[in-house]
Amino acid sequence: MAIETEIKLTIPAHLVSQVKALLVASGASQLKKRRLLNWYFDTPDLKLSAEKVALRIREQGGTYIQTLKTKGQSVNGLHQRAEWEWVIEEPVLQLERLLETEWPLAAQSNEWASDLQIIFETNFDRSIWMLEQAGTLVEIALDQGEVNYNSIAGDNYVDEICELELELKEGSVEQLLAIKSELVAAISELQPSDISKAQKGYQLYYKASEAGIS
């Protein structure tokens, strides 16, 4: 298990080029860009959502990764949560892996896990920079893409993804917050967000439910 500590900032799409220039000016070094395809799973009655966890399979560069994240806590864009990851051979859930976690419901997997199905997708391009400052190493990811939910009736619901994720790799949370403050001071339109990509997907699901076509 790892504790993921990151800050999420939303970006107006027309300011992406300005944000990239700011990262370079801040001394960040760009590493790579990749396409990430993500499938989120839940039961028909949204048992995982009720438990405040997210279960997904991600495909990146031909590698599949199964991830379980707890809700943890989120304040003013700073997210801290427990996370478990496993590299798997194919995009099929390995439910036995959940027994390795500290998530209480995992011990009851035989009772509900057979109902798991894909609820929504998040597919986006991720550009990555690394920034080292005052003994703190931060991975900065620029994500651009979409959250997609396809209703039973065949209607497609879409929400935009355009955000920065500042993930603490080494060092202090205080310095992570300082880096965030520097970026926001330079581009005031950058806004802290407490809404994860998974939460955006569930919001689309509930939107379809309110329309009576989930």
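The values are calculated or read from the model by the stated rules, or taken from the named source; none is laboratory data. This one's a predicted model, so the numbers in the text were calculated from it and none came from an experiment. With ideal geometry, Cβ positions are generated from the backbone for all residues, glycine too; neighbour counts draw on all protein chains shown.
Structure values in brief
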{"quantity": "Residue within the stretch 12-31 that is at pLDDT below 95 and within 21 Å of the chain's Cα centre (by Cα) present", "calculated": "yes"}
{"quantity": "Condition met for Ala82 (touching a Ser or Thr at 6+ places or on another chain (Cβ under 8 Å), of a type in the set (Gly, Ala, Ser) and in contact (Cβ under 8 Å) with a residue 40 or more places away in the chain)", "calculated": "yes"}
{"quantity": "Some residue of the stretch 74-82 being surrounded by fewer than 16 Cβ atoms within 10 Å (Cβ to Cβ) and closer than 20 Å to Thr122 by Cβ", "calculated": "no"}
{"quantity": "Selection count where residues are surrounded by fewer than 20 Cβ atoms within 10 Å (Cβ to Cβ), of a type outside the set (S, T, N, Q) and either closer than 29 Å to Glu51 by Cβ or in contact with a Cys (Cβ under 8 Å, 6 or more places away or on another chain) (or both), scope the stretch 178-199", "calculated": "3"}
{"quantity": "Unmet criterion (only one of (1) in contact with a strand residue (DSSP E or B) (Cβ under 6 Å, 6 or more places away or on another chain); (2) surrounded by 15 or more Cβ atoms within 10 Å (Cβ to Cβ); (3) assigned to a loop (DSSP other than H, G, I, E, B)) for Pro91", "calculated": "(2)"}
{"quantity": "Among the candidates Val19, Val24, Val53, residue that is in contact with a strand residue (DSSP E or B) (Cβ under 8 Å, 6 or more places away or on another chain), of a type in the set (Val, Ile, Thr) and closer than 22 Å to Ser209 by Cα", "calculated": "Val53"}
{"quantity": "Wholly enclosed helices (runs of 4 or more DSSP H) of the stretch 104-214 bearing at least 2 residues charged (D, E, K, R)", "calculated": "173-186, 197-210"}
{"quantity": "Residue tally, condition more than 21 Å from the chain's Cα centre (by Cα), closer than 20 Å to Tyr40 by Cα and of a type outside the set (A, V, I, L, M, F, W, C), over the stretch 93-142", "calculated": "9"}
{"quantity": "Residue selected from the stretch 1-49 under the condition of a type in the set (Ser, Thr, Tyr) and surrounded by 13 or more Cβ atoms within 10 Å (Cβ to Cβ), by the criterion nearest to Leu68 (Cα to Cα)", "calculated": "Tyr40"}
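So that you can scan it fast, the table gives a plain yes or no per residue for (1) among the small types (Gly, Ala, Ser); (2) closer than 24 Å to Ala134 by Cβ; (3) touching a residue at least 24 places away in the same chain (Cβ under 8 Å):
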site: Ser17; (1), (2), (3): yes, no, no
site: Gly27; (1), (2), (3): yes, yes, yes
site: Asn38; (1), (2), (3): no, no, yes
site: Asp42; (1), (2), (3): no, no, yes
site: Ala50; (1), (2), (3): yes, no, no
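Conditions tested, residue by residue: (1) farther than 18 Å from Leu55 by Cα; (2) at pLDDT 95 or above; (3) out of contact with any helix residue (DSSP H, G or I) (no Cβ under 9 Å at 6 or more places or on another chain); (4) surrounded by 15 or more Cβ atoms within 10 Å (Cβ to Cβ).
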| residue | (1), (2), (3), (4) |
| --- | --- |
| Leu98 | no, no, no, yes |
| Ser127 | yes, yes, no, yes |
| Ala141 | yes, yes, yes, yes |
| Gly145 | yes, yes, yes, yes |
